[in-house]
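Taking it in order: structure first as structure tokens, then the write-up.
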Amino acid sequence: MTKVSESLDKKEWNGILGETYSKLQSSSDTPWMGEIIKAHDVASQGSITTGKVDYFNPGKKFGFVKDVGGESYFFHESKVAQGVQVQKGSTVEFECMVDSQGRNAAAILRNIDGSVKSANLKQVTMPCFTMSQPFAALLLNGIKTIESRNNDMFTALTPGTKVLLHAGRKDWHDQETYKDILAKDAEFDNDQLMKVAQLRKGFEKGQILGVITIGITYQVSSQEKKMDLKLRRSVLAYGDGIGTYCTEIRSAKWLPRGVPFRGQPGIYSATIDENSLPKE
């Protein structure tokens, strides 16, 4: 290692760095300090883009997809939406992510060309909405039985309508109020609280997790928000944390497995394979 004296000026120091870098780089075919990439070369995390499947190993259940700029993204079979066929050369739409190992990763959302058919699976289009964790799990586990909002997005749906439930990627900002209510009103201990608020094994945020059947939607007053203990327990919120519009949840069921999907605000349409729905 070159020893640098205190009197070494910037120009001389830069020259030494350049010479050292050249020697190290030429000594191995493997990048020794990683690679410098430009910001526009990699799509930002959470963005939706398109590309072609470059490699897929069904036995090992993983593959790689390249975007239009040639950047490669790792994907696992669990991140491929139901009905989407992945084989070398097929064009797909995918969501850009970073996995636990820091790699560029992808959640494959759909085939977007005619090069691959969707295995002749029957698809259904249903209304869908997004919830943050832990409330998505609390609802599907039957703990949260009323969904409250400050907008009337559920009023356009007839009671008895089945709606898909999508888990957003960001957790809800308040992770303590629901615990406090369940501990006081239902005497849940810490183990019970953890169990009912967790996603099932194999399910992740950014996926459609389940299907619910909604009941009536009604408005509540400020007084009701403060005084109605049953409402507080059903919504899992206090006072101003309860929305103006409350929608009853008649039933809630987990899907057999999560379906990767890009969430949107309000009520939106989502198309999934019919066999992704839980058995009646």
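The values are calculated or read from the model by the stated rules, or taken from the named source; none is laboratory data. Values in this document were obtained by computation on a predicted structure and should not be read as measured data. All Cβ positions, even for glycine, are placed from backbone atoms using ideal geometry, and neighbour counts span all protein chains on display. Just the protein is used for accessible areas: all its heavy atoms, side chains included, with ligands, DNA and RNA removed. Shrake-Rupley method; radii C 1.70, N 1.55, O 1.52, S 1.80 Å.
Some points to look at:
- Subset of segment 58-73 that is outside any loop (DSSP other than H, G, I, E, B) and more than 24 Å from Asp273 (Cα to Cα) - its residue that is least open to solvent (accessible area, probe 1.4 Å): Tyr73
- Just one of the numbered conditions (1) within 15 Å of the chain's Cα centre (by Cα); (2) within 25 Å of Thr155 (Cα to Cα); (3) surrounded by 15 or more Cβ atoms within 10 Å (Cβ to Cβ) is not true of Lys253: (1).
- Test result for Val98, of a type outside the set (S, T, N, Q), over 21 Å from the mean Cα position of the chain (by Cα), open to solvent by 40 Å² or more (accessible area, probe 1.4 Å) and more than 24 Å from Thr271 (Cα to Cα): no
- Where helices (runs of 4 or more DSSP H) fall wholly inside segment 154-241, the ranges with 2 or more residues that are more than 30 Å from Ile272 (Cα to Cα) and open to solvent by less than 20 Å² (accessible area, probe 1.4 Å) are 177-185.
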